[in-house]
Structure formats: structure tokens, C-alpha cells
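Below is one structure, written out as C-alpha cells; comments come after it.
Read-outs: derived from the displayed coordinates by stated rules, not from any lab. Worth saying up front: this structure is predicted, and the values here are computed from it rather than measured. In this analysis, Cβ positions are derived from the backbone assuming ideal geometry, glycine residues included, and neighbour counts consider all displayed protein chains.
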Amino acid sequence: MFAEYAKSVWDGVVGQPRAVQQLTRSAAAPVHAYLFVGPAGSTKHEAARAFAALLLTGHDDPDARDARLALAGEHPDVREVERTGARISKDQVSEIIRNASMAPIEGSRKVMLLHEFHLLEADGAARLLKTIEEPPASAVFIVLADQVPPELVTVASRCVRIEFSTIPETTIRDVLIAEGATPAAAGQAAAAAAGNLTRARVLATDPGLMARREAFATVPQRLDGTGSNVVALCTELNALIDAAAAPLAARQEEEASALEARVAAVGERGSGRKQLEERHKRELRRHRVDELRSGLGVMAGAYRDALVQQRAARPDAAVHAVQRIHQALDALERNPNETLLLQALLLDLPTI
């Protein structure tokens, strides 16, 4: 058993008691590979760093030097890999394999932390499989994925699977209040975040949240069947979505400034500037998709409410509208042009 401390490496992991329990037990006698599966914002990223800290230190003290560096993503023996393109290619997998084969820099163990592996290309999975099956003795793989697509099934079968669930709305609300949000802002953000704590933290500082939800909710009443009307609505909604990125952009600016301060102090080599820029681009892209997903969910709710309250002139058309919105939500997984997707959707929806 690990000694108890006032603070824990698991403090950043929210609403995942079963996963924390499994990983705490596993750290005493770890295997070669783990697969963390769960939705974005479920704190599986924080859990991966916490588990890496536990593997390196052997105790649950977040203030220990190795744990502190691992939790901050700065430990030399914890190699975090982010995708460099739309999907994780076989070339990137080759680099992962090469890095895994290298000896640890400071200790006896190296942790390979692989992000977003639900976006792994099939030929990349084939290359990774052998290394996952027969890894270097010093390496432990932690593979993170939102779900397990066909490309990842064989790799997944060689890993210990740890499930992460959507965080309950009440838990998110409590976390936001503890972090300084007002109860009203915390409640609104938690309701809109759909179980994603990362998104909820951004929304909690977003004064335009309710205005965006209202804009999407009233779309069914504002449609008139014309293309010009659809273009105007899409322009309005896109402007609201763009404005919603302001809190995230402010946080990213703080991170970039902190990085530049470190570069000025210790030099450019190994600064991680390119990785930070790429991560910021991915965060903004995901934020935009999350905003559209949330808005479409509100829109579908407006049609369902009209059905329940018997306000729909054509109930069959309202049912079709809900189905059509869910088709658009599914299409967002395929990285479409969002404006064209939204325009095509609104052209196909009835007015209420």
C-alpha cells in the first residue's frame, strides 16, 4: 500500500473512483501496457500523468520532484506523444517505437503516454502492435482513446483496459464552485458541458454561454425555408461560436507567455514551443466542435419540446428534424466543413 499524504497525485482526477482504485493497485506491480478509454474531459489525461508519477516514484506524494515533473508533463522519462496530423500515421508510430526503445534518462523506467489513439491509422496500428506485445523491459505504455475503433481493437487486446465515465453534472458543478465560479455560472457551465470538465472550466468564465444556447434554441422558430435565411442564421451562429473561444484563447496566451519566459531563462533547446502551438490548435478545433455539438443538442431539444407540448404543426416533420440533427452530430466525428454541414442541416429542417 502507498503511504497517505495530505495531497495526492490523483487530486486532478474527478469522478473516477473505480479507475483510481484500479490504477493504484496496478502501480504496485505494473504490466507493460494500459488503455485508458473514456470521453474527452473525463480527466483520463490527468489520470495518465498521475499513474506515470506513481510508476516513477512508488509513492503517492505529488510534491516529490519526479511526481511534480510528471504531473506537469515535464519529466524526461515520461514521453507524451500528441498526433501531428488529422490522424496518427505509421511514420509517427515509427517515432514512438524508436523512442520506446531508448533507455530511460534518469531512472529504471520509461513511460510512453500516447494521446488520442482512437485516431490511429490502420497501418500505424499494425506497426505498433509488436512493440505493445513485446515492449522494452523498461517501458510502460499508457494509451489514451475516446473509444476503441476497429483500428485499435488488436492493440487494445494487448492492454489492461481502464474505463473512464462521463462526469456527473453535479460533480462538475461542485468542482467549478470549489475553483471559484459562482453557483449560477457553475450550474450553467455544468449543464452545457455534457460531462466534459475541461469544457466546463472554459464555459464557467464565458459570459456569452446563455446567449449562444438561446440562439440555437430559437433557430427552429426563425427558419423560413429560404437559403438567404439559412446563410444569415449560420453567419450569426458561427460568430457566436468564434466569440466563445475567447476564454480558451486567453488561457492559451498565458501558457505561451509562461513558455516564452522559460525559453528566455534556459534557452530554446527542448522548449516544446512547436508542441504547444500544435496543442493549442487542436484545443481550439475541439472547442469549436464542442460548441457546435452543444448547440445542435439544444436545437434538437427545441424540437422535442415542441412535440411534447404539441406545438409542432407537423409532428412527423419534427421527429425527422431530431433524427436529422443526430445525423449531423454523428457527421462531426468525420471532421467535416462545419459551415457547410450547418447550412445543409438548416435547409433540411422545418420551422416550428
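So here's what we get for this one:
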{"quantity": "Note, ³J(HN,Hα) from phi for region 135-145, Karplus 6.51, -1.76, 1.60, rounded to Hz, x at Gly and Pro", "calculated": "x, x, 4, 8, 9, 10, 9, 10, 9, 10, 8"}
{"quantity": "Residue-wise HN-Hα coupling along region 198-214, computed from phi with Karplus coefficients 6.51, -1.76, 1.60 (Hz; x: Gly, Pro)", "calculated": "4, 5, 4, 5, 5, 5, 5, 10, 10, x, x, 4, 5, 5, 5, 4, 5"}
{"quantity": "Inter-site label distance for I177 and A211 at 7 Å from Cα along Cβ, in nm", "calculated": "2.8"}
{"quantity": "Whole-Hz couplings from phi, Karplus 6.51/-1.76/1.60, listed for region 327-343; x for Gly and Pro", "calculated": "5, 5, 4, 5, 5, 4, 5, 9, 6, x, 6, 5, 5, 5, 4, 5, 5"}
{"quantity": "Along each principal axis, Cα extent of region 206-347, largest first, Å", "calculated": "67, 30, 28"}
{"quantity": "Amide H contacts of L35 (H built 1.01 Å from N, under 5 Å, at least 5 apart or other chain)", "calculated": "V143, V160, R161, I162"}
{"quantity": "Region 130-199-region 210-284 distance, computed between alpha-carbon centres (Å)", "calculated": "22"}
{"quantity": "Computed label-point distance, nm, for sites D123 and L276 using a 7 Å Cα→Cβ extension", "calculated": "3.5"}
{"quantity": "Helix axis angle, 44-57 relative to the chain longest principal axis, alpha carbon, degrees", "calculated": "10"}
{"quantity": "Net charge, R279 excluded, C-beta distance under 13 Å - Lys, Arg +1, Asp, Glu -1", "calculated": "+1"}
{"quantity": "In the chain, lysine pairs with alpha-carbon atoms under 26 angstrom apart (chain gap of 8 or more, or interchain)", "calculated": "13"}
{"quantity": "In region 228-330, GluC sites (Glu not before Pro) in a DSSP loop with at most 16 other beta-carbon atoms within 10 Å", "calculated": "E268"}
{"quantity": "Under-5 Å amide H pairs with V78, H placed in peptide plane, nonlocal only", "calculated": "V111"}
{"quantity": "Length gained when the stretch D224-A6 is fully extended (0.36 nm per residue, less Cα-Cα span)", "calculated": "72.5 nm"}
{"quantity": "Built amide H within the under 5 Å cut-off of A139, gap 5+", "calculated": "K110"}
{"quantity": "Percent breakdown of C-alpha pair distances by 5 Å bin, ordered from the shortest bin, for region 17-98", "calculated": "3, 13, 21, 22, 22, 12, 6, 1"}
{"quantity": "The chain: angle of helix 17-28 to the longest principal axis, Cα-based, in degrees nearest 10", "calculated": "20"}
{"quantity": "Ellipticity estimate at 222 nm from DSSP helix runs (n ≥ 4, -39,500 (n - 2.57)) divided over the chain, nearest 500", "calculated": "-18500 deg cm²/dmol"}
{"quantity": "Over region 9-163: Kirkwood hydrodynamic radius from C-alpha pairwise inverse distances, Å", "calculated": "15.4"}
{"quantity": "Helix 122-133 vs. the chain, principal-axis angle (Cα, 0 to 90°, nearest 10)", "calculated": "30"}
{"quantity": "Hydrodynamic radius (Kirkwood) for the chain, which is based on Cα pairs only, to one decimal in Å", "calculated": "22.2"}
